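Enquirer: Take this structure, written in structure tokens, and hold onto it; I'll ask about it next.
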Amino acid sequence: MKVLKFGGTSVGSSENIKKIINIISSNGEEKQIIVVSAFAKVTNLLLEAAQLASIKKTAYASVVDEITSIHHQIIYKLLTDKAKNDALRFVNEKLTNLKSVLDSISLISELSPKSEANIVSHGELLSSFIITKALQENAIEATRKDTRELITTNTNYTNASVNFEISNKNIQKYFKSNEANVTVLPGFIASSEHKDTTVLGRGGSDYTAAIIAAALNADVLEIWTDVSGMFTANPSIVSQAMPIEQISYVEAMELSHFGAKVIYPPTIHPILKKEIPIKIKNTLKPEDQGTLIGKTSKGKKNPVKGISHIDNVTLITLEGSGMVGIPGFSKRLFETLAVEKINVKLITQASSEHSICIAIDDCNADLAKIAIDNAFEFEILKGRIKPLEVEKNLSIIAIVGDKMKSHQGISGKMFGTLGKNNVNIRAIAQGASERNISAVIAAKDVKKGINSLHESFFKNNNKQLNLFITGVGNVGAKLIEQIAQQHQFLLDNLNINIRIIGLSNSKKMVFDDEGIHLSSWKKQLKNGEKASLGGFLDQVKKLNLRNSVFVDITANADVASMYSKYLKNSTAVVACNKIASSANYKNYKELKELSREYNVPYLFETNVGAGLPIIDTLNNLITSGDQVVKIQAVLSGSLNFIFNNFKENTSFYTIVKQAQEEGYTEPDPRIDLSGVDVARKILILARESGLKINLEDIENNSFLTKNNNKAESVDDFFNSLKTDANHFNDLLKSANNNNCQLKYVAELSNGKAKVGLKEIPLGHPFYNLEGKDNIVMFYTKRYPEQPMIIKGAGAGADVTASGLFADIIKIANN
Ligand code: ADP
Ligand code: ASP
Ligand code: MG
């Protein structure tokens with residue numbers, strides 16, 4: 001014998017009810033008990049009508065009309081002839097009765113729990129009648145029994161406790177003599193010993209089915225709902241959640257207690273002793289396997305089975321030195337809560353006994369405050385404890401799994417993951433069973449928290465990376481192009497899902513929390529809102545997405561000044577902008593420290609040598625215990641281009657002009673030719689090697705003339721290059737006479753850095769450096785004679801974009 005329960009959404013429409021009929025038919029001659037919920041939305045509407053009536057709002061009448069219409073529509077589509085008329089008559093009679101109950105509530109403006117239970121029971125009474133008629137019309141021999149005659153409860157009308165002794169007897173007696181193959185029962189409803197209607201709490205139809213299944217020792221209890229099983233997390237919050245194939249009773253109970261609504265928490269209880277298997281199945285996709293809840297958990301090695309959460313939580317904290325070492329405080333606290341019928345969801349107390357922290361429902365917060373402050377009035381007056389602290393709008397998230405207890409590091413991973421994503425934890429609880437670790441967090445962080453935990457505990461999940469990019473010039477556009485091109489590859493091969501959520505240039509900014517369409521980003525940005533640095537940061541904070549990364553592809557000092565704010569928000573920063581890392585040392589140090597403190601990367605590989613892995617290599621050398629002795633490098637693609645093309649029969653002026661026109665220098669070539677740009681780069685390498693130095697500490701041996709340095713505009717500068725042509729010709733001549741090439745070299749040795757033009761002899765690794773290439777030679781303790789050399793294109797939009805991309809991927813793999 002089977003017990004099948006069909007939830008509200010399964011009975012939400014005539015199409016779905018037809019699916020149910022097929023499911024029941026497919027079970028053939030097997031005896032079946034069908035427990036049904038109210039049609040979708042009906043329970044909520046009934047409660048709404050009751051509330052409205054109790055405050056004399058006449059709108060309750062139109063809510064009743066809506067309820068009538070839901071039932072009529074289903075009857076007209078589902079039933080014909082006599083069955084239709086019987087059903088219409090039944091529904092109209094019950095709803096007329098309901099209307100008069102509501103009228104009298106409105107008259108006295110009072111809604112007792114007893115009346116509320118009576119009103120809300122109408123949903124299941126009506127749905128079970130209509131479904132029985134539909135089964136009969138489809139040649140299924142079905143009978144209906146009013147569950148109020150089977151399940152007896154106490155008089156806690158709206159959330160009644162079952163008297164199992166009486167109920168089990170009633171159920172067994174009825175089914176002993178009931179010959180029908182299929183019996184339909186309204187879920188959720190029951191009655192008190194005095195035969196008044198009671199209900200079993202929201203979601204209680206699952207419980208009804210479990211009570212019946214346990215009383216009759218059913219072979220199986222099937223819970224048919226709108227999802228294909230119990231998922232690793234609520235599928236409407238975590239798109240990557242997966243159905244769990246098999247889960248233990250205790251795990252399922254923990255998950256449901258912590259908010260997995262797919263099963264009403266008390267449901268497992270009556271089933272547990274009898275070890276009746278529970279299957280969670282999808283009415284809309286009956287072919288899907290669903291979840292088996294049984295004695296043992298099975299499957300993958302993952303010790304974490306699922307993640308769930310409860311909303312609308314308040315944390316109350318009783319604190320004071322007067323509590324330390326004095327027995328009886330907690331007893332009084334919990335007794336006070338018990339007297340007020342306030343349910344406790346989580347408790348923590350540190351061993352110092354200085355405070356007790358308790359999570360309760362938001363709706364009980366005010367009552368708890370009054371009751372506890374009253375109960376401890378004397379101690380508060382004497383200053384032994386503080387008045388109760390109440391913090392609303394919180395949520396509890398919990399990870400659950402039987403096997404968690406035999407694994408170390410799970411709580412570390414849980415809190416590490418939440419911390420990395422800037423989810424502040426207000427309280428923590430882990431039961432001695434170690435089957436559940438719960439944390440109280442702000443309600444606004446729930447989606448981010450659960451999704452990041454899911455990514456971190458369920459390995460085949462894609463890791464979502466949410467980018468906020470500022471600066472969409474040449475390099476920015478290339479980066480977006482590369483991301484678009486690699487998106488699928490990263491998803492398929494590295495399980496990384498990169499999305500661009502925000503884009504900004506100096507004029508406009510645009511956001512899409514589902515990810516900006518990369519084929520039309522230009523148009524979207526053009527139609528975006530007015531850009532502002534603060535506004536961009538505010539959006540990053542407001543969207544509050546996990547694994548957020550701020551990408552700076554500008555050369556703007558104001559943008560660079562925002563990094564600390566992003567890091568403090570646990571948003572990673574990837575910068576190709578050199579300003580922050582090469583500005584004063586204090587600023588650089590602060591950013592590095594923030595990155596460590598908030599456990600969030602600050603990466604700027606492209607600051608030196610564009611896409612070449614120079615900073616990364618240097619970091620790897622140092623973290624593995626090596627020490628930098630000397631660095632020699634050619635770090636300016638622009639200067640390398642200029643000196644590679646400056647030959648005997650050309651003028652220096654022409655080459656610089658050409659370099660400028662072809663985009664190899666900054667629009668103002670003085671930035672390159674003065675050596676400042678190279679000085680900034682060696683400064684960054686020096687700092688990454690552990691030196692505390694500033695730009696002024698770097699010796700800059702300019703090859704320019706006084707005249708060049710005096711120029712007040714770019715035009716003046718070019719003119720001065722023409723005027724001083726001989727100076728440059730002499731530099732070239734000397735190099736040629738010495739069989740050397742001119743290279744602009746940056747050096748770091750003995751804690752000192754310098755930059756300047758050098759004659760490089762034949763055979764030196766710099767001699768043949770072509771085009772815009774960069775080269776770096778690291779002499780270290782481990783590479784004393786033969787340096788470690790990194791060489792390749794050191795400028796250009798493509799390679800710079802790929803360097804940024806590499807930093808971004810590094811964050812994904814972090
Ligand atoms: P029914 O009306 O069938 O009783 P419910 O709405 O009570 O259905 O429960 C099913 C819903 O529970 C799903 O649609 C889903 O949104 C929610 N849910 C929350 N957590 C989970 C979970 N871990 N697995 C599956 N569903 C969950
Ligand atoms: N109809 C009731 C509710 O919505 C019971 C149930 O569906 O389980 O809470
Ligand atoms: Mg339910």
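The values are calculated or read from the model by the stated rules, or taken from the named source; none is laboratory data. Quick caveat: nothing in here was measured; it's all calculated off a predicted structure. Cβ coordinates were reconstructed from backbone atoms using ideal geometry, including for glycine residues, and neighbour counts include every protein chain displayed.
Enquirer: Going through region 593-602 one residue at a time, which ones are touching a Ser or Thr at 6+ places or on another chain (Cβ under 9 Å) and within 21 Å of ASP558 (Cβ to Cβ)?
Expert: Within region 593-602, LEU594, TYR602 qualify.
Enquirer: Considering only residues that are surrounded by fewer than 18 Cβ atoms within 10 Å (Cβ to Cβ) and of a type in the set (Lys, Arg), look in region 412-454 and name the one that is nearest to LYS568 (Cα to Cα).
Expert: Among them, the one singled out is LYS444.
Enquirer: Can you say whether ILE682 is hydrophobic (A, V, I, L, M, F, W, C), part of a loop (DSSP other than H, G, I, E, B) and touching a residue at least 40 places away in the same chain (Cβ under 8 Å), as far as the supplied structure shows?
Expert: Against the criterion (hydrophobic (A, V, I, L, M, F, W, C), part of a loop (DSSP other than H, G, I, E, B) and touching a residue at least 40 places away in the same chain (Cβ under 8 Å)), ILE682 does not qualify.
Enquirer: Right, next: Quick check, is ALA610 at pLDDT below 95, buried (at least 22 other Cβ atoms within 10 Å of the Cβ), outside any helix (DSSP H, G or I) and touching a helix residue (DSSP H, G or I) at 6+ places or on another chain (Cβ under 9 Å)?
Expert: Yes; evaluated as a whole, the condition is true for this residue.
Enquirer: So which residues in region 184-234 are charged (D, E, K, R), assigned to a loop (DSSP other than H, G, I, E, B) and within 16 Å of ligand 1 (Cβ to nearest atom), if there are any at all?
Expert: Result: ARG202, ASP226.
Enquirer: Taking the options THR267, THR183, THR198, THR232, name whichever one is farther than 23 Å from ALA443 by Cα and not assigned by TED's automatic domain parsing to the domain that holds GLY28.
Expert: THR267
Enquirer: For the structure I just gave you, tell me whether ASN640 is surrounded by fewer than 21 Cβ atoms within 10 Å (Cβ to Cβ) and out of contact with any His (no Cβ under 8 Å at 6 or more places or on another chain).
Expert: no
Enquirer: While we're on this one: For the list (1) in a loop (DSSP other than H, G, I, E, B); (2) of a type in the set (A, V, I, L, M); (3) farther than 20 Å from SER395 by Cβ, I need the number of the one condition that ILE237 fails.
Expert: (3)
Enquirer: Which of the residues spanning region 135-158 are of a type in the set (Ser, Thr, Tyr) and out of contact with any Lys or Arg (no Cβ under 6 Å at 6 or more places or on another chain)?
Expert: Once the filter is applied, which keeps residues that are of a type in the set (Ser, Thr, Tyr) and out of contact with any Lys or Arg (no Cβ under 6 Å at 6 or more places or on another chain), region 135-158 yields THR143, THR147, THR152, THR153, THR155, THR158.
Enquirer: Here is a follow-up. Filter region 263-313 down to residues that are assigned to a loop (DSSP other than H, G, I, E, B) and among the acidic types (Asp, Glu) and give me whichever is nearest to SER248 (Cα to Cα).
Expert: Applying the filter and picking the extreme gives GLU275.
Enquirer: I've got another one for you. Yes or no: region 394-411 includes at least one residue that is among the acidic types (Asp, Glu), touching a strand residue (DSSP E or B) at 6+ places or on another chain (Cβ under 8 Å), modelled with pLDDT of 90 or more and buried (at least 16 other Cβ atoms within 10 Å of the Cβ).
Expert: No, every residue in region 394-411 fails to be among the acidic types (Asp, Glu), touching a strand residue (DSSP E or B) at 6+ places or on another chain (Cβ under 8 Å), modelled with pLDDT of 90 or more and buried (at least 16 other Cβ atoms within 10 Å of the Cβ).
Enquirer: Of the residues in region 568-589, how many are surrounded by fewer than 16 Cβ atoms within 10 Å (Cβ to Cβ) and in a helix (DSSP H, G or I)? Spell out how you get there, then give the answer.
Expert: So the first thing to find is which residues in region 568-589 are surrounded by fewer than 16 Cβ atoms within 10 Å (Cβ to Cβ), and the list is 568, 584, 586, 589.
Now restrict to residues that are in a helix (DSSP H, G or I): 568, 586, 589.
Going through region 568-589 one residue at a time, the tally reaches 3.
Enquirer: Pick from region 94-134 the residues that are touching a Lys or Arg at 6+ places or on another chain (Cβ under 8 Å) and over 30 Å from ILE23 (Cβ atoms): which of them is farthest from ligand 2 (Cβ to nearest atom)?
Expert: Filtering first and then ranking leaves SER109.
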